[in-house]
1. Return yes when Thr247 is under 14 Å from Gly8 (Cα atoms) and either surrounded by fewer than 19 Cβ atoms within 10 Å (Cβ to Cβ) or more than 11 Å from the ligand (Cβ to nearest atom) (or both) and no when it is not.
2. Is it true that Ser207 is touching a helix residue (DSSP H, G or I) at 6+ places or on another chain (Cβ under 7 Å) and among the polar types (S, T, N, Q)?
3. Please find, among Lys143, Lys241, Lys257, the residue that is within 14 Å of the ligand (Cβ to nearest atom) and among the basic types (Lys, Arg).
4. How many of the residues making up segment 212-230 are part of a loop (DSSP other than H, G, I, E, B) and more than 15 Å from the ligand (Cβ to nearest atom)?
5. Can you name the residue in segment 196-208 that is within 13 Å of Met161 (Cα to Cα) and surrounded by fewer than 19 Cβ atoms within 10 Å (Cβ to Cβ) and, of all such residues, is nearest to the chain's Cα centre (by Cα)?
6. Any idea which residue in segment 152-179 is surrounded by the fewest Cβ atoms within 10 Å (Cβ to Cβ), counting only those that are free of Cβ contacts under 8 Å to residues at least 40 places away in the same chain and within 12 Å of the ligand (Cβ to nearest atom)?
7. For segment 91-137, what are the residues that are touching a strand residue (DSSP E or B) at 6+ places or on another chain (Cβ under 7 Å), away from the ligand (no atom under 16 Å from the Cβ) and not in a helix (DSSP H, G or I)?
8. Of the residues Lys198, Lys217, Lys257, which single one is out of contact with any Ser or Thr (no Cβ under 9 Å at 6 or more places or on another chain), basic (Lys, Arg) and modelled with pLDDT of 95 or more?
Amino acid sequence: MRKTIIAGNWKMYKTIVEAIELANGLKREFFKLDFAAVDVVLCPAFTALSEVAEVLTETGIGLGGQDVYWQDEGAFTGEVSPVMLKDAGAQFVIIGHSERRQFFSESNETVNNKIKAALKAGLTPIVCVGENLQEREAGKTFKVIEDHINNGLVGISGSDMLNLVVAYEPVWAIGTGKTATPEQAQEVHKFIRDLLKKNYGSEVADSVRIQYGGSVKPENITELMSKPDVDGALVGGASLKVDSFSTIVAKASEVVK
Ligand code: 13P
């Protein structure tokens, strides 16, 4: 049985004060909800991590970074290490987000280095994969996913896979309001699970959680979550407001109850 996981990627939004306010607002809403059936993770900007960690103390809500470097320390100006993320209170880290691949030249190789370093430090990587519009229209979706999965996860063992989450985020659905249909999401999630089966066997593949990301909203979460291989969501815009994110968590909980 895979436990549903809903994560909020706050991207480059929220000052420290705003982040504390949002985390407190969510905490208040989650107290009213029975969300035990769902893992909830908040991923603020680096600057707000430790303050948000404090707000989340003993709430059962997880905390994640949005990126990480693969060395523990050193002369790498601007980078943040897995040890530093742990120190700030994170248990998770988003790796290989399409915005990092697109704007900061992340490759499968850097993604792979980051995953290994995160796992070594005891962080749970949320590894993002997904095709852009051009690739989808050219019929290359599966090829791109296969490349991201097979090359991004090179050298990751089956037991490490149990501490890793995959997020399928079609680039054309991110921030565009255009969600993949539940059928489109399921088709790719199933493809990812089959690939994992081929690489690691059924037991591992059946345990890895695969989130969907791309314009997830209160209006579409129930339909998306009703698909057998959709194990949660990685939410951008709708995670920045207490109302919409808590509604998404509540609706996801309803589906799995
Ligand atoms: P949106 O939910 O804003 O489309 O962003 C999705 C995303 O990129 C989450 O990582």
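1. Yes, satisfied.
2. no
3. One residue alone meets the criteria, Lys241.
4. Number of matching residues: 4.
5. Ser207
6. Gly177
7. Gln91, Leu123 - these are the residues of segment 91-137 that are touching a strand residue (DSSP E or B) at 6+ places or on another chain (Cβ under 7 Å), away from the ligand (no atom under 16 Å from the Cβ) and not in a helix (DSSP H, G or I).
8. Lys198
The values are calculated or read from the model by the stated rules, or taken from the named source; none is laboratory data. Because the structure is predicted, anything quoted here is derived from the model rather than measured. Positions of Cβ are generated from backbone atoms using ideal geometry, with glycine treated the same way; all protein chains shown enter the neighbour counts.
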